[in-house]
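The values are calculated or read from the model by the stated rules, or taken from the named source; none is laboratory data. It should be emphasised that the depicted structure is a prediction, and the values quoted were computed from it without experimental measurement. For neighbour counting, all protein chains shown are included, and Cβ atoms are generated from backbone atoms with ideal geometry for every residue, glycine included.
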Amino acid sequence: MAEVDNAKLSDSPQKVAWWHLHRRMYDWVIHFADTRHGATALFCLSFAESSFFPIPPDVLLAPLTLGAPKKWLRFALACSLASVLGGILGYMIGVFLWDQIGVWVFEHLGRIGFTEDNFAWFQAKYNKYDFGIVFTCGFTPLPYKVCTITAGVAKISFLGFIVASTVSRSARFFIVAGLFRWKGETIRPFVEKYFNWLSLLFVLLLVGGFAVLKMLH
């Protein structure tokens, strides 16, 4: 009887911590690097990450480039194009659907960045910095998916949104793919450890440069 009870207990569903689910999702994404569907998966992942998916496409872009370094331009271009298209979807969600789904998103997707505090922060910054926020989110570790939807909610210029997204996302993905094409496996520890900090530093220098030019004029 005890053995039966134990078997039932082992078969009963267990509540899995949210970070375990995130890790399983990460592993699932990575496994595409070893399949013939890697490029397609990269495109789909990059598209989805721009509006709702929690795993950034860099984690698949890197191993794909390591496995086929001569295709690094193709991978970076596909990643960039898909990300901008996904960003447009996020923008449209903000414009047309947010009033209907906003409460549900805050309740169920807060762990991947969709919190009321994040939305309030982004909307306040749009009033002051406009497209600079889109560029910063597209290039740095800031949640781009939250940026795309809040841009739609704030109804910033659609053309400006596309330009800022295209420049920032392309810069990020071409740099990542280019580094792995250039240095291969030896660059992986450095990129994984410092890339986010370096991208933030780059944006700060860029903003500082524009500020200096504005002061000079």
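Conditions tested, residue by residue: (1) without any contact (Cβ under 8 Å) to a residue 12 or more places away in the chain; (2) crowded, with 16+ Cβ neighbours inside 10 Å; (3) among the small types (Gly, Ala, Ser); (4) more than 16 Å from residue 90 (Cα to Cα).
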site: 101; (1), (2), (3), (4): yes, no, no, no
site: 111; (1), (2), (3), (4): no, no, no, yes
site: 124; (1), (2), (3), (4): yes, no, yes, yes
site: 133; (1), (2), (3), (4): no, yes, no, no
site: 146; (1), (2), (3), (4): no, yes, no, no
site: 155; (1), (2), (3), (4): no, no, no, no
site: 161; (1), (2), (3), (4): no, yes, no, no
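Go through the residues of segment 20-38 one by one and say whether even a single one is at pLDDT 85 or above and surrounded by 15 or more Cβ atoms within 10 Å (Cβ to Cβ).
Taking every residue of segment 20-38 in turn, at least one turns out to be at pLDDT 85 or above and surrounded by 15 or more Cβ atoms within 10 Å (Cβ to Cβ).
If you take just the helices (runs of 4 or more DSSP H) that sit entirely in segment 77-191, which of them hold at least 3 residues that are more than 19 Å from the chain's Cα centre (by Cα)?
It comes to 98-108, 116-129, 158-183.
Listed here are the residues, each with its yes/no results for (1) more than 17 Å from residue 159 (Cβ to Cβ); (2) hydroxyl-bearing (Ser, Thr, Tyr).
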| site | (1), (2) |
| --- | --- |
| 82 | yes, no |
| 85 | no, no |
| 97 | yes, no |
| 106 | yes, no |
| 113 | yes, no |
| 122 | yes, no |
| 126 | no, yes |
| 132 | no, no |
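From the list 82, 76, pick out the single residue that is touching a residue at least 40 places away in the same chain (Cβ under 8 Å) and either in contact with a Cys (Cβ under 8 Å, 6 or more places away or on another chain) or surrounded by fewer than 14 Cβ atoms within 10 Å (Cβ to Cβ) (or both).
Only one candidate passes the filter, namely 82.
So, in segment 133-182, of the ones that are over 20 Å from residue 117 (Cα atoms) and basic (Lys, Arg), which residue ends up modelled with the highest pLDDT?
Selected residue: 169.
Here are 45, 73, 60, 64: which of them is closer than 19 Å to residue 109 by Cβ and modelled with pLDDT of 75 or more?
Of the residues listed, the single one that is closer than 19 Å to residue 109 by Cβ and modelled with pLDDT of 75 or more is 45.
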